[in-house]
1. Give, to the nearest whole percent, the P(r) tail of the range B:28-332 beyond 34 angstrom, counting all Cα pairs.
2. Could you state, as a whole-number percent, how many of the C-alpha pairs of chain A are farther apart than 20 Å?
3. Is it possible to state the helix-based mean residue ellipticity at 222 nm for chain B, with each DSSP H run of 4+ residues giving -39500 (n - 2.57), the sum divided by total residues, to the nearest 500 deg cm²/dmol? What is it?
4. Averaged across the residues of A:6-12, what count of C-beta atoms belonging to other chains lies within 10 Å of each residue's C-beta?
5. List, in the order given, every pair from B:Lys285/B:Lys321; B:Lys9/B:Lys248; B:Lys78/B:Lys255; B:Lys92/B:Lys248; B:Lys109/B:Lys273; B:Lys109/B:Lys248 whose Cα-Cα distance in the structure shown is over 32 Å.
6. Just report the Cα centroid separation between the range A:57-82 and the range B:218-246, whole Å.
7. Just tell me how shielded A:56-66 is by partners: mean number of partner chain Cβ atoms within 10 Å of each residue's Cβ, no decimals.
8. Need the C-alpha centroid separation for the range B:91-161 versus the range B:273-296, integer Å.
Amino acid sequence: MSSPVLTPTTNKSQYAPGEAITASWVATDPDNANLTVEFAGHDSQGNAVVVNAAITRIDNFTMDTVKILDAPGGAVLGSMTVNNAARTASGVVPTA
Amino acid sequence: MPNYTVEFKGHDSTGNAVTVNKTISVSPTTAKPLLGICTSSDTTWASFVSAMTLPQARRTFEGGGATLPTTFATSKAKNDPAAGVMTVTSFKPNQDGGVATFPTSTIQKNWLTNYLNSWPLNHPTRLCGWHEPGDNMPGSFTFAQYKAFIVAAGQIVQQVRAARGPQFLVEWGPIWEGPYDFDSSNTGYGQTPYGPYDWSWTAAELQYIDWVGFDPYLWSANDASIERICTYDDSGHLNTQTRTTMQKFASFGKKMIIGEWGVTSNSQADSAKAAKITAAYNWMKAWNVAHPVTPIEAALYFHYNVDANVTWEVLSLPQSKAALLGILNDAKAA
């Protein structure tokens, strides 16, 4: 039950008012784990067999909102449109 | 320049939430460039301010034939924070091989790191390395060496910015001559073997550059306007607009600084000089309205008669003085 690690990136660091802004991100999660599925059985002569298969448990990440604030923790100036399938968000830099 | 925060909020499938903020900077919404002045010394700066008004920015130069300052307190910009003016300053590396060896010179890189670490926080500064390099290529360094210097120094600026945080307001950029660099009549220096219009930055290099600058001057009474020499080919001598200064600089996608500009008094009336000063500022405002992504953030008039037989200063010229005062006041007005 660990929080994901989110690394967002904007297409630029400096914008003009009214300019389009796009963002993308990479999320990794400590809860992701490599698991083993163990298959144990036997035949009618009593010969046992055990076979393992590796699987990965993925803790999926969902971006809920991407907003533009006027300062850290400040007023919301605008919201960006989130596309979780493409792991991108798009919007427009506020003009005021 | 205000900073905005882009707030990313998400969660994983086991209900763990995460919020990450990323800071972006946004250009001022005003179309007016900041106007500044370059003078020869603190004394002439004070005289200018007394006779005119306090400009919004001050242009200074370090290094070259003089010893580089080791701290902000010993730099020519040391009085800018108290005066409330933005610093636009440049340095010419002159230690341990200079520009040509900067990327591999521990002495030079340590000097720049320490110099930047001495910079006051919350003081807007536009820092340039070796302005107008065309004058010195290929004699002092090659274009490739100059570009490597700009990138290496830009990396140091970014490292210091990361370490000192968002209140560290030093931004890094190059200043070229501009029109004359891209003028096919310029065969005297800089153009061979680089060739006219062979000035470029790759995307990888541009990530270490915050702004781009140039220095347009009206050296001759026959030069119609700053707009003309910047927006027509060959310093405005041609009527074509296929490889102009503004096209070139806008192609970098960065805000611009006019590090120096001037209008000569030579062979033209005070009224003509005054009109060109006012027209230049009006063109800068118009440019910014039309180009919000690549605006002219600041422009610094070269009020310094350093060039032999050319008069840039205005204090003895009533109409030019009034024109320069007028645009300085307009730039400061809301």
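No lab work stands behind these numbers, since they all come straight from the coordinates. Quick caveat, the model's predicted, so the values are computed rather than measured. Virtual Cβ from ideal backbone geometry, glycine too; neighbours counted across all protein chains shown.
1. 17
2. 57
3. It comes out at -9000 deg cm²/dmol, rounded to the nearest 500.
4. Per residue, the average neighbour count from other chains is 4.
5. Check vs 32 Å cut-off fails for B:Lys9/B:Lys248; B:Lys109/B:Lys273.
6. 46
7. Going residue by residue through A:56-66 and averaging, the value is 4.
8. Value for the Cα centre distance between the two parts: 29 Å.
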